[in-house]
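The values are calculated or read from the model by the stated rules, or taken from the named source; none is laboratory data. Just so we're clear, the structure is a prediction, and the values are computed from it rather than from any experiment. Please note: Cβ atoms are built from the backbone with ideal geometry, for glycine as well, and neighbour counts cover all protein chains shown. Heads up: the accessible areas ignore ligands, DNA and RNA and are worked out on the full protein's heavy atoms, side chains in. Shrake-Rupley method; radii C 1.70, N 1.55, O 1.52, S 1.80 Å.
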Amino acid sequence: MKGVIFDFDGLIVDTETTWYEAFKEIFWESHEIDLELVGYSECIGTGNDVLYRYFREIAGNSVNCELLEDLAAIRYEDMMKTPVLREGVKEYLDEAKQKKLKIALASSSSKEWVHNYLGQLNIIDYFEIINTKDDVSKIKPDPELYSKTLMDLGLSPKETIVFEDSLNGLSAAKQAGIRCVIVPNNVTRNLKFENFDDRIDSMGEITLSELLQRIERKGAVT
């Protein structure tokens, strides 16, 4: 094993739960529609076009998706004043650094969004490569983000592990040929993940070394 690639939203910081709560409040206030978690969670990890399509399905084609997002963003900012790393993330980054693994990040969000949070959390220096939607033509579930990150790292798929929290992220990783560990958050916990290489509730439940050893015992690491 020579490298680890992390998703960002919902994995390093649980922005996804906060966004869901913000959208849920706005949908009820503006349309008296209960934004169900199941449908919303399937939109996680990709672009706004997928989310907007879902909004039109539940609220009609005339719904102003951009306005809803603007209103939700105001609510989100109020809720997410002080971002907090998910449990075990810092320990995984430290352990990967100690093991001299190459560390990268691949996110469907914007570079400005990701860099802002990484700076606030004081973890940006851990990442040798940071690729976002600004660096590719197609985002997750397309594999381009992960394929580009592999190329930038100079590693092959079999030398790398991806950490993801969404179906779209899992699909992107597997299409790129990379093993994937699922670390769901409160929004994605009940999704029907399949074809992953391991799954943990949080990075706090097992060390990175123990996890990699477990995957190796399964015959997933060569």
- prompt: Percent of accessible area on the chain owned by carbon and sulfur, 1.4 Å probe?
  reply: 46
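Could you tell me which trypsin sites (Lys or Arg not before Pro) in the range 89-152 are loop residues by DSSP with no more than 14 other beta carbons within 10 angstrom of their beta carbon?
Numbers: sites: Lys90, Lys97, Lys99, Lys100, Lys102, Lys111, Lys133, Lys138, Lys148; in loops: Lys99, Lys100, Lys138.
Counting only loop positions with at most 14 other Cβ atoms within 10 Å, the trypsin sites (Lys or Arg not before Pro) in the range 89-152 are Lys99, Lys100, Lys138.
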- prompt: Taking amide H positions as placed 1.01 Å from N in the peptide plane, with prolines and chain starts having none, which residues 5 or more places from Cys180, or on another chain, fall under 5 Å of its amide H?
  reply: Val162, Asp197, Asp198
- line: Full extension between Trp113 and Ala73 adds, at 0.36 nm per residue less the Cα distance, a length in nm of 13.1 nm
- request: Using the Kyte-Doolittle scale, find the helices of the chain whose mean hydropathy is at least -0.5 and whose Cα atoms extend 18 Å or more along the helix's long axis, counting only whole DSSP H runs.
  value: 65-79
message: Output needed for the chain: three equivalent-ellipsoid semi-axes, defined as square roots of 5 times the C-alpha gyration tensor eigenvalues, in descending order, whole Å.
response: 30, 18, 16
statement: Residue by residue through the range 5-14, the couplings from Karplus 6.51 cos²θ - 1.76 cosθ + 1.60 with θ = phi - 60°, in Hz, x for Gly and Pro, are 10, 10, 5, 10, 4, x, 9, 7, 10, 7
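Provide the gained length on full extension for the span Asn122 to Ser62, in nm with one decimal, where the gain is 0.36 nm per separating residue minus the Cα-Cα distance. Don't skip to the answer; put the middle values down first.
Values: separation 60, 0.36 × 60 = 21.60 nm, distance 4.21 nm.
Going from the current span to full extension adds 17.4 nm.
Starting from the Cα gyration tensor of the range 119-164, take the square roots of the eigenvalues, sort them a ≥ b ≥ c, and report rounded, prolate or oblate (rounded when a/c is under 1.5, otherwise prolate if a/b is larger than b/c, else oblate). Mind dumping the intermediate values first?
Values: a/c = 1.89, a/b = 1.26, b/c = 1.50.
Oblate.
Defining a contact as two alpha carbons under 8 Å apart and six or more residues distant in sequence, what relative contact order in percent does the range 45-177 show? Intermediate results must be reported in sequence, preceding the final value.
Details: 130 pairs, mean separation 32.9, N = 133.
The value is 25 percent.
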field: Point-charge dipole on Cβ atoms (K/R +1, D/E -1) for the range 5-105, about Cα centre, debye to 20
entry: 680
query: Taking the range 174-217, which GluC sites (Glu not before Pro) meet the DSSP loop condition and have no more than 11 other C-beta atoms within 10 Å?
result: Glu194
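Quick check: from the Cα gyration tensor, does the range 1-127 come out rounded (a/c under 1.5), prolate or oblate?
Values: a/c = 2.75, a/b = 2.21, b/c = 1.24.
It is prolate, given that a/c is not under 1.5 and a/b is the larger ratio.
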- prompt: Which FRET efficiency value, to the nearest 0.05, is calculated for Gln98 and Tyr54 with the Förster distance at 45 angstrom and r the Cβ-Cβ distance?
  reply: 0.60
statement: In whole Hz, the Karplus estimates of ³J(HN,Hα) for the range 193-205 (6.51, -1.76, 1.60; θ = phi - 60°; x where Gly or Pro) are 6, 9, 6, 8, 9, 6, 9, 10, 6, 7, 6, x, 8
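With the cut-off at 1.5 for a/c, could you classify the range 8-61 from its C-alpha gyration tensor as rounded, prolate or oblate?
Oblate is the answer for the range 8-61, as a/c is 1.5 or above yet b/c matches or exceeds a/b.
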query: What does the convex hull of the Cα atoms come to per residue for the range 156-215, in Å³?
result: 72
task: Please list, in chain and number order, the residues 5+ apart from Ile130 or on another chain whose amide H is under 5 Å from its amide H, with Hs placed from the backbone.
output: Leu105
query: Can you list residues whose amide H is under 5 Å from Lys102's amide H, if they're 5+ apart or on another chain and H is modeled 1.01 Å from N?
result: Gly3, Val4
- prompt: Using a 1.4 Å probe, what is the accessible area per residue for the chain, in Å²?
  reply: 47
